[in-house]
Each structure stands twice: as structure tokens, then as C-alpha cells.
1. Work through the residues other than Phe304 whose Cβ is under 11 Å from its Cβ and net out their charges, Lys, Arg +1 and Asp, Glu -1.
2. Accessible area per residue of the chain at 1.4 Å probe, in Å²?
3. Suppose every K and R has +1 on its Cβ and every D and E has -1 on its Cβ; what is the size of the dipole of the chain about the Cα centre, in Debye to the nearest 20?
4. Give me D for segment 261-323 in µm² s⁻¹, whole number, from Stokes-Einstein with Rh from the Kirkwood sum over alpha-carbon pairs, 4 °C and 1.567 mPa s.
5. I'd like the carbon and sulfur percentage of the solvent accessible area for segment 85-174, probe radius 1.4 Å, heavy atoms only, ligands and nucleic acids excluded.
6. Calculate the spin-label point distance for Ala38 paired with Asp248, positioning each point 7 Å from the Cα along the beta-carbon direction, and give it in nanometres.
7. Modelled label-to-label distance, Arg221 and Arg299, 7 Å Cα→beta-carbon offset: nm?
8. Cα extents of the chain along the three principal axes, largest first, in whole Å?
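The values are calculated or read from the model by the stated rules, or taken from the named source; none is laboratory data. What you see is a predicted model; the values in this text were computed from it and never measured. Ideal geometry is used to build each Cβ from the backbone, glycine not excepted, and the neighbour counts take in all protein chains shown. Remember, those area values only see protein heavy atoms, side chains included, never the ligands or the DNA or RNA. Shrake-Rupley method; radii C 1.70, N 1.55, O 1.52, S 1.80 Å.
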Amino acid sequence: MASSAFPRNKAPTMNPGAPLPSTPHRLPSDFDLARWRALERETPGDATWSALPASVRRSSEGRPWPGLALWHQVGPEGDLYVPPMASHTVLVRRAIPTQLVQRQGVAVQATQWQPGQALVVPAGVPSFWRSDRPRDNLHIDLAPAWLQRSAQADVALSSCFGRNDPVLAGFAQLLLASLDTDTSLNRAFGERIAEAIALHLLAHYAAPQAALRGPGGLSHRQLRRVEDAVRADLAAGWTIARLAQLVDLSPFHFARAFKASAGVAPHAWLRLQRMERAAQLVRQGERSMGEIAHLTGHRSAAHFAQAFRLHWGVSPSTYARAA
């Protein structure tokens, strides 16, 4: 993983006073397309600092902050190729302005990144960075599970290539300052900050949804019957057809009605219930990973560990150590 993100030759000097280029921006002529294609095939990693170990000045590693991380990146100017991460990443510029060319997924943009401005890289998106000034940035990594918990639905974020956001800048500074106090050792502190960041991202950076909730949903009694049955037996093989039988509907009509009522597809809601229960069992520390996998409907401990990391942004063992 670490070998995929590293400085290349120093980028050509850019004129910091030049007007902002139009969007979309063209990639530099020496952009390494082969390396980019390799990044696109990589499995999302746990934390951005694992991809850029030489750039970490300080970090929240070891703090009991499940699904939340803060680190201070310092490094030379030039190019970085960063693999996709399992968490959403917020970056806040700390030092002098820098001219910045970025690629996030298929989108490319150039801007003059000012101190205090924020960038957002959605989970699962590889990125390319070319800066003409040394790197001095604060990174916040937030597991998608925090947004799903707040929205009670699957939520995608849009790429953001630079925005004045004093709230995100304030969160980054607060988390950095907390590393010097006992506050950072309090699990509840990390959870409350993660919830607040998730709410802010939902309000200002959520990707447009293809469809809104519509009429024709389940009745309150039908929805409650489905929820109670699933939560009572998360290990069961809950197919759409089996869920539909609980309320005497066809699978097609059930899937539409459930999403209209819950705001999320049945399989996404089921995954969220299993991951919430899994997190509870991991925190309790009374069962093996194999037992937790079985109780939450996963075919093996390895499959469970992979699903847990993709959902919460950390492995079950890391989550347990933070509990």
C-alpha cells in the first residue's frame, strides 16, 4: 500500500497569482496513467497515513476514536498518487497558499488552495495531487458508517476541490489540539466529534440522490414487523423474498415500499443493522470474531472482518482495542 503513494520529481513552478483554471482541467503531460490504473484496482486502505507514512508529523493513532482519525501531513512539494481509502477524507490547508492540481476519480481540477480551506475526497476514490509549495495539511478520516448512522441510509459524498469551510477547519484544529490533553483519551469525545462532522458533511457535501422518498410505502405496523424480525435473528439468510413474505407482498413491491418508508434499500438497511450489532459485540469483547461473524450473518470470520473494515473504516481488532 505505502509504495503506491510517493513523491515524484518536483513539479514545475506555478504562478500563484494566476487565475483559477476552468473545470474540467487538463492533467499534466507527465501524469503517470499506468500508475493511476494500478491505484484504481487497489482495495481501499484503512487510513491515509498508512499510504503516506513519511509525511506524518502527528496523528491520533492509539486514541479510542472508532471510525475517526486526525493526522498532520508535512512533506515536500511535487506529485503524490494516493490509493483509495475506506474512509472519507477531509483535508484542511494550514500553511501558505499553494497552486494545486488534483484528480479525484474521473474529475480533475486546478485551484489555488488557501490556508483554512477544505477539500473532501470520498471513500473509495483514488487521488492525484500536484502542489508547488510544501505540504502542511490536516487530515480528518471519517468512516462512512458515521454518515449512514446519522442519515439512517446509504450516503455518498461529492468530491470537493476547495471550499472556505470554517466549521471543518475548526474541527481539524480542535482534534489536533486535543492530542495534547486527556480529552483525546475519552472514547465519548471521539464519538461526539465524529457525529458532528458527519452531520456537517451530510448537510453540505452529500451527493445528490437519484430519487427521493415517495408514496406507497409500508404501513407503520408492516415496517415494525420487518424490523423486529430481522433484529431478532440477524444471522438468518434474509433475502428480499423472505422479507416480503413477512408482510404478504411480492419481492418487487416490497423492495419499492420498504425504500419509500425507510429511505434506503432493504439490503443496505440490513447491512447497517448487522454492522451496528457487530460493533456492539466487538466492544463487549466477550465473543470471538468467528462467533460474532455467525451472529451477524457473515459466512466466515475473514468475510466479517472485511465487511467490518469497509463499513467502520477500521478492522475489528483495532476497533476492539479502542473500546
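1. Numbers: positive: Arg274, Arg299, Arg309; negative: Glu291.
It works out to a net charge of +2.
2. 47
3. Working: 35 positive and 24 negative charges, 82 e Å.
I would put it at about 400 debye.
4. Working: Rh = 11.8 Å.
Rounded, D is 110 µm²/s.
5. The value for segment 85-174 is 55 percent carbon and sulfur by accessible area.
6. With each label placed 7 Å out from Cα toward Cβ, I get 6.1 nm.
7. 3.9
8. If we take the Cα atoms of the chain, the spans are 66, 43, 36 Å.
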